[in-house]
Amino acid sequence: MASLSVKPGQRFTVPDWQNNCHLISADAEHQRSTSHQIRQEGRALRNDTSNQAKWDENESRTRLKDRVTSVDRWREALAKCLTDIDLEIDALTKVKDAAEDALQAKNLCLDVAIECLTFRESRRDIDVVRDPVEEELHREVKVIERTKKELQQRVDDAFKQLCILKEARQQLNLDHQHKVETLDLDRQCLSFNVTSGNISFKVNPTRIPHGTTSLREWEQNSQFNKDHAEAEMKASVELRGAIMLTIAQTNNELDAQRIATEFALRKRIRDMEGALSELRWQEKNTLEEIAEMEEEIRQLEEDIRKRTLDLKVAHTRLETRTYRPHVELCRDQAQYGLTGEVQQLEAALRALQQKRTESQDALDALYRQLHRIQTDIGYKTNSLQLDNKCMDTRRKLVIPVEKFDPEVDAVSRTRNLPRNSQLEL
């Protein structure tokens with residue numbers, strides 16, 4: 001016969017069982033409520049963090065764009081300033097070269113003036129005078145040396161200003177390059193997003209790097225570089241104007257002095273030609289007078305010869321009559337006539353000989369005067385040749401050397417060729 005099996009252990013009552021069911025149900029409700037609350041809070045947090053992240057990223061992107069715009073604006077300003085300073089460097093270099101060319105041209109002017117002074121040192125005797133031409137040439141040398149000194153000072157100032165401009169340009173160029181590099185980096189930052197393949201965590205990204213400057217310092221640095229470059233460009237423009245003014249003034253002053261020198265030289269040449277013309281006229285008249293005087297002396301000597309023969313005849317007659325015999329030796333009219341004739345002939349011979357001596361002295365004086373005239377003509381011819389050489393040499397101041405064709409010398413009819421080493425003005 002079967003028996004009822006009894007499960008060993010504690011037995012719970014129905015109320016315990018019911019309480020247990022209610023407890024499980026209450027715990028489940030509580031857990032679901034807590035979970036729901038957490039889910040709601042998580043959803044709100046996700047929404048908040050997502051919105052905040054999007055807003056922050058948008059603000060960062062906007063700031064980056066503003067920064068790119070600001071940096072690009074400065075880059076454009078610096079680039080324009082670089083272009084302007086390059087143009088100013090080129091302009092100042094050309095003006096400096098022009099000043100150096102003008103300075104080099106003064107060497108030719110100085111060489112010509114010194115050459116003219118050297119030519120005129122070859123004058124001789126009375127023609128070695130300190131005339132207006134020599135004074136103007138010495139004044140021209142002083143003017144050239146002073147203008148060369150002024151131009152050299154301008155060239156030195158231009159060289160110093162070029163160094164300053166190039167230094168300012170170097171600072172501008174360095175700042176410009178930094179701006180370009182910064183633009184590349186900031187634009188690269190703008191291109192980053194969550195799908196970029198080169199994003200990663202970095203070590204201490206919020207650190208402040210060494211050498212970091214403030215925004216004010218950054219802007220002041222660029223502004224200083226720009227202002228400094230513009231100030232130096234302004235100084236360069238003023239210097240260029242001063243250099244061009246100096247070149248014009250020195251050229252005008254030298255041209256005026258050159259004109260004054262050449263005016264004095266032309267006047268001296270005219271005076272010399274006038275003096276030569278007068279001397280040649282005197283030489284011609286003196287030669288004519290010498291010829292007439294020589295002819296007169298010849299006539300005097302011929303008359304002396306004739307009167308001497310007449311005197312010999314008279315002396316012979318008188319001597320012959322002394323041999324008349326006895327009473328025939330009387331002082332008759334013939335004797336008185338012959339005696340008077342001898343006296344007249346002797347007086348005439350004395351007068352003729354005295355006149356011949358005077359004429360010879362006058363002839364000697366004429367020859368001395370002729371020699372003096374011819375010597376002075378030689379001096380003045382030499383001086384005229386030298387002054388013509390000076391005028392021919394001074395043509396190099398207005399005619400390029402390769403086109404220089406010296407004139408035929410007005411006196412010696414020879415050509416004065418220029419030296420190959422002369423510079424073109």
Open item on the list: So, in segment 269-308, exactly how many residues are open to solvent by 80 Å² or more (accessible area, probe 1.4 Å) and under 18 Å from ALA347 (Cα atoms)?
Closed with: 3
Task: Given (1) at pLDDT below 90; (2) under 30 Å from PHE192 (Cβ atoms), number of the condition THR13 does not satisfy - done: (2)
Task: Residue count, segment 365-404 (criterion: open to solvent by 60 Å² or more (accessible area, probe 1.4 Å) and either at pLDDT below 85 or within 30 Å of ILE304 (Cβ to Cβ) (or both)) - done: 7
- [ ] For segment 246-255, state whether one or more residues are within 32 Å of the chain's Cα centre (by Cα), exposed (fewer than 12 other Cβ atoms within 10 Å of the Cβ) and either outside any helix (DSSP H, G or I) or without any contact (Cβ under 8 Å) to a residue 12 or more places away in the chain (or both).
- [x] yes
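For (1) touching a residue at least 60 places away in the same chain (Cβ under 8 Å); (2) over 16 Å from ASP392 (Cα atoms), each residue gets a yes or a no:
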residue: TRP74; (1), (2): yes, yes
residue: LYS80; (1), (2): no, yes
residue: ALA91; (1), (2): yes, yes
residue: VAL95; (1), (2): yes, yes
residue: ASP111; (1), (2): yes, no
residue: CYS116; (1), (2): yes, no
TODO: Sort out which residues of segment 127-144 are assigned to a helix (DSSP H, G or I) and open to solvent by 40 Å² or more (accessible area, probe 1.4 Å), and write them in order of number.
DONE: PRO132, GLU135, HIS138, ARG139, LYS142
- [ ] With respect to VAL141, determine if the residue is within 28 Å of ASP84 (Cα to Cα) and modelled with pLDDT of 90 or more.
- [x] no
Task: Yes/no for ILE290 being part of a helix (DSSP H, G or I), over 30 Å from LEU165 (Cα atoms) and either of a type in the set (A, V, I, L, M) or modelled with pLDDT under 90 (or both) - done: yes
TODO: Go through (1) under 15 Å from LYS166 (Cβ atoms); (2) in contact (Cβ under 8 Å) with a residue 40 or more places away in the chain and name the single condition LEU87 misses.
DONE: (2)
Task: Single residue of GLN343, GLN369 found to be out of contact with any strand residue (DSSP E or B) (no Cβ under 6 Å at 6 or more places or on another chain) and closer than 30 Å to THR286 by Cβ - done: GLN369
Task: Residue match in segment 229-244 (condition: more than 29 Å from the chain's Cα centre (by Cα), open to solvent by 90 Å² or more (accessible area, probe 1.4 Å) and at pLDDT 85 or above) - done: no
Open item on the list: Tell me yes or no: at least one residue of segment 348-358 is exposed (fewer than 14 other Cβ atoms within 10 Å of the Cβ) and under 30 Å from LEU279 (Cα atoms).
Closed with: yes
Open item on the list: Looking at GLN152 and the list (1) open to solvent by less than 80 Å² (accessible area, probe 1.4 Å); (2) within 30 Å of ARG268 (Cβ to Cβ); (3) in a helix (DSSP H, G or I), which single condition is not satisfied?
Closed with: (2)
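The values are calculated or read from the model by the stated rules, or taken from the named source; none is laboratory data. Computed from a prediction, not measured in an experiment: that's the story for all the values here. Counting neighbours? That spans all protein chains shown, and the Cβs are built from the backbone with ideal geometry, glycine included. These area figures cover heavy atoms from the full protein model, side chains too; ligands, DNA and RNA do not enter into them. Shrake-Rupley method; radii C 1.70, N 1.55, O 1.52, S 1.80 Å.
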